[in-house]
1. Stretch Q181-S106 to full length: gain in nm at 0.36 nm per residue minus the Cα-Cα span?
2. Picking from V308, V39, V115, which is most flexible by a Gaussian network model of the chain using Cα springs under 10 Å?
3. Starting from 0.36 nm per residue, how many nanometres of slack lie between A188 and D86 once their C-alpha separation is accounted for?
4. Could you work out the mean projected area of the convex hull around the alpha carbons of the range 3-50, in square nanometres to one decimal?
5. Where does each of C160, C138 land when they are ranked from fewest to most other beta-carbon atoms within 10 angstrom?
6. Build a GNM of the chain with springs between Cα atoms under 10 Å: which of K46, K79, K166 gets the top mean-square fluctuation?
7. In whole Å, largest first, what are the principal axis extents of the Cα atoms in the chain?
8. Relative to the longest principal axis of the C-alpha atoms of the chain, give the angle of the C-alpha long axis of helix 3-17, reported between 0 and 90° and rounded to the nearest 10°.
Amino acid sequence: MNERNENADIALMTEIATLYYTEGETQEVIANRLGISRVKAGRLLKRAQAEGIVDVRVRQHPAVSAEIEQALKRRFGIKRALIALDHADSDGQRANVASLVADHLSRQLSEGAIVAVGMGRNVGAVADNVFEQGQRQCSFVCAIGGSVRAGEYMNPDHICRRLAIKFGGDSETLYAPALVQNLELRDAMYENPTIRQTLDRARRADLALIGIGDLSENSNMVRMGWFTPQETAEARLSGTVGDMMGYDFIDIYGRPSMTPMQGRVIGLTITDLARIPDVIAIAAENTKAAGILGALRTGVIDTLATSVTNAHTILRLDEATRVDDKPD
């Protein structure tokens with residue numbers, strides 16, 4: 001197909017999609033109006049969706065999500081719970097959750113706001129699900145260092161840039177590795193003026209976007225080889241259920257885990273996050289319920305974004321492991 005014909009098809013797909021989704025016309029009416037067959041109109045509608053001209057998102061009815069949200073708010077003292085419909089495909093699940101976070105940002109971001117941005121697939125998916133083109137002049141600041149093994153999609157620097165393009169504003173890179181060999185080296189790097197300046201700005205953020213990790217074989221840290229299989233196995237045996245943004249490993253009661261993996265990541269800490277007005281924690285995967293529960297029990301999360309299945313599992317797991325019954 002030559003370029004002229006391709007452009008004509010794109011224009012026709014856009015017109016058909018507008019008539020169908022925006023104006024509510026039927027495929028039969030559209031076909032008659034444009035002088036094409038109904039079969040062709042339907043085929044071009046499907047192609048418009050496949051090529052990204054149309055973004056179709058199914059949202060859970062507010063009455064259903066409101067009940068779950070209220071239960072989570074009462075139980076954990078959070079401000080908001082963004083509960084997405086379950087999806088059989090993991091990428092689809094991640095997109096469902098991320099789209100709710102993107103909408104939340106669209107409502108909450110004000111002119112000149114600072115957003116501290118973490119690392120990972122869930123945080124990265126937020127930038128891909130922002131569909132407004134605004135000019136709010138916000139600042140998106142890396143709240144954790146970068147990693148070559150993470151790739152562009154999951155690195156906070158690239159996520160910040162994508163968010164800045166979508167919402168308008170600037171991005172600021174944290175010029176440091178995400179992971180170092182030991183606590184002493186991490187503390188030494190914190191003394192670097194460039195690193196300190198960026199982290200200080202991230203600490204002044206109005207919102208933070210962070211992921212919640214687990215120690216399953218499919219977790220980012222395990223896949224990237226940040227820690228050895230022996231280290232992760234020992235961490236699980238010692239009661240570690242997850243992490244917040246790649247640092248601050250926690251047990252199911254939200255307490256710091258006693259593991260050698262602790263304290264090797266350069267970024268904001270739980271203490272820093274506690275000072276940020278809206279810490280948005282994102283976890284789409286159904287393997288992360290225990291990690292999410294531990295993160296909620298730290299008390300620093302303000303907005304939780306997850307799936308229906310995770311939400312119900314978290315509430316049941318909380319009942320089974322009430323903080324009142326935790327070991328000394």
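Bear in mind these aren't lab numbers, they're just calculated from the coordinates by the rules spelled out. Quick caveat: nothing in here was measured; it's all calculated off a predicted structure. Here the Cβ is made from the backbone with ideal geometry for all residues, glycine too, and neighbour counts use every protein chain on show.
1. Taking Q181 through S106 to full extension adds about 23.2 nm, to one decimal.
2. V39
3. 32.3 nm
4. Working: hull surface 12.3 nm².
Directional mean of the projected Cα hull area for the range 3-50 stands at 3.1 nm².
5. Ascending number of Cβ neighbours within 10 Å: C138, C160.
6. Maximum fluctuation in the GNM of the chain, among the listed residues, is at K46.
7. 74, 46, 38
8. 80
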